[in-house]
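Q: This is the structure I have questions about; it appears just below.
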Amino acid sequence: MTQKWDGIERRISLRAEAEGMVVSLSPEEAETQPAEMLMHELLVHKVELEIQNEELQRAHNAMEEARDRYVDLYEFAPVGYITINRDGLIGEINLTGSALLGVERTKLVNRRFSAFVAPGDRDRWHRLFMNMMEQDKAEKQEFGLGMTGADGAGFYAHLNCLRRETLDSPPMLRVAMIDISKSKQAE
């Protein structure tokens with residue numbers, strides 16, 4: 001039984017289910033002793049808690065599975081995902097982004113993204129970055145950019161950028177980066 005927890009109605013439903021499970025133990029006589037009534041109530045409450053615990057465990061397992069799916073999709077996507085803070089530092093990066101830049105992920109966190117932008121595109125990147133970070137309304141921007149990996153090899157990347165800001169965190173830039181060097185060469 002997988003019902004959504006929805007407050008009072010669900011509590012009544014749990015109570016009825018728990019009472020149904022202990023009906024064979026409930027006193028049928030009108031003159032039940034107070035101790036028997038208390039024991040009945042405690043048993044019903046215990047069964048209610050067990051049912052709630054089972055539902056919470058199922059919900060927890062479903063959340064864990066959803067988290068695992070998300071991590072797999074994020075980490076192994078054919079696109080590099082990068083989060084850049086307002087200072088231009090990499091805050092997060094997936095495995096694909098790390099592979100594109102040719103640096104171990106742990107060594108990329110808190111490094112300047114601009115260090116991987118090809119020298120000829122750094123001024124343009126800086127202007128684009130500053131413009132996106134100063135916008136009040138988040139608008140997605142797409143552009144091509146020359147990049148340089150850690151080994152010095154250059155590649156051309158298509159970037160999809162979106163500025164994000166929440167109440168409890170400063171603005172950041174979410175970037176999806178795709179290596180389009182082959183299609184650029186074909187042109």
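Q: Only residues that are within 23 Å of residue 119 (Cβ to Cβ) and outside any strand (DSSP E or B): list them for the stretch 142-180, please.
A: If the condition is that a residue be within 23 Å of residue 119 (Cβ to Cβ) and outside any strand (DSSP E or B), then 149, 150, 151, 152, 153, 180 are the ones that fit.
Q: Let me spell it out: the conditions are (1) more than 14 Å from the chain's Cα centre (by Cα); (2) surrounded by 12 or more Cβ atoms within 10 Å (Cβ to Cβ); (3) in a helix (DSSP H, G or I), and residue 62 meets all of them except one. Which number is the exception?
A: Just one mismatch for residue 62, condition (2).
Q: Could you list, ordered by first residue, the pairs with Cβ atoms under 6 Å in which the first is in the stretch 152-173 and in the same structural domain as residue 142 (by TED's automatic domain parsing) and touching a residue at least 24 places away in the same chain (Cβ under 8 Å) and the second is of a type in the set (D, E, K, R) and in a strand (DSSP E or B), at least 6 apart or interchain?
A: Hits for this filter: 155/179; 157/179; 162/174; 164/174; 171/163; 171/165; 172/164; 173/163.
Q: Is one or more of the residues making up the stretch 69-82 farther than 28 Å from residue 134 by Cα, basic (Lys, Arg) and at pLDDT below 95? Give the derivation first.
A: The initial filter retains those residues of the stretch 69-82 that are farther than 28 Å from residue 134 by Cα, namely 69-73, 75-78.
Applying the additional criterion that residues be basic (Lys, Arg) yields 69.
Filter again for at pLDDT below 95, leaving 69.
Yes: one or more hits.
Q: For the stretch 90-98, state whether one or more residues are in contact (Cβ under 8 Å) with a residue 40 or more places away in the chain, in a helix (DSSP H, G or I) and in contact with a strand residue (DSSP E or B) (Cβ under 7 Å, 6 or more places away or on another chain).
A: Yes: one or more hits.
Q: If you scan the stretch 145-169, which residues turn out to be in contact with an Asp or Glu (Cβ under 9 Å, 6 or more places away or on another chain) and either farther than 14 Å from residue 86 by Cα or hydrophobic (A, V, I, L, M, F, W, C) (or both)?
A: The initial filter retains those residues of the stretch 145-169 that are in contact with an Asp or Glu (Cβ under 9 Å, 6 or more places away or on another chain), namely 145-147, 155-163.
Passing the criteria: 145, 146, 147, 155, 156, 157, 158, 159, 160, 161, 162.
Q: Kindly indicate the residue of the stretch 125-184 that is under 23 Å from residue 100 (Cα atoms) and of a type in the set (S, T, N, Q) and also modelled with the highest pLDDT among those meeting that condition.
A: Per the stated criteria, the residue is 160.
Q: Could I ask something else about it? Can you confirm whether residue 139 is among the charged types (D, E, K, R), part of a loop (DSSP other than H, G, I, E, B) and more than 27 Å from residue 182 (Cβ to Cβ)? Spell out how you get there, then give the answer.
A: Numbers: among the charged types (D, E, K, R): yes; part of a loop (DSSP other than H, G, I, E, B): yes; more than 27 Å from residue 182 (Cβ to Cβ): yes.
Judged against the criteria, residue 139 is a match.
Q: Suppose we keep only residues that are under 14 Å from the mean Cα position of the chain (by Cα) and not aliphatic (A, V, I, L, M) within the stretch 78-95. Which one would you say is farthest from residue 180 (Cα to Cα)?
A: Within the stretch 78-95, the match that is farthest from residue 180 (Cα to Cα) is 92.
The values are calculated or read from the model by the stated rules, or taken from the named source; none is laboratory data. All of these numbers come straight from a predicted model, not from anything done at the bench. Because the Cβ atoms are built from the backbone with ideal geometry, glycine has one as well, and the counts that use them run over all protein chains shown.
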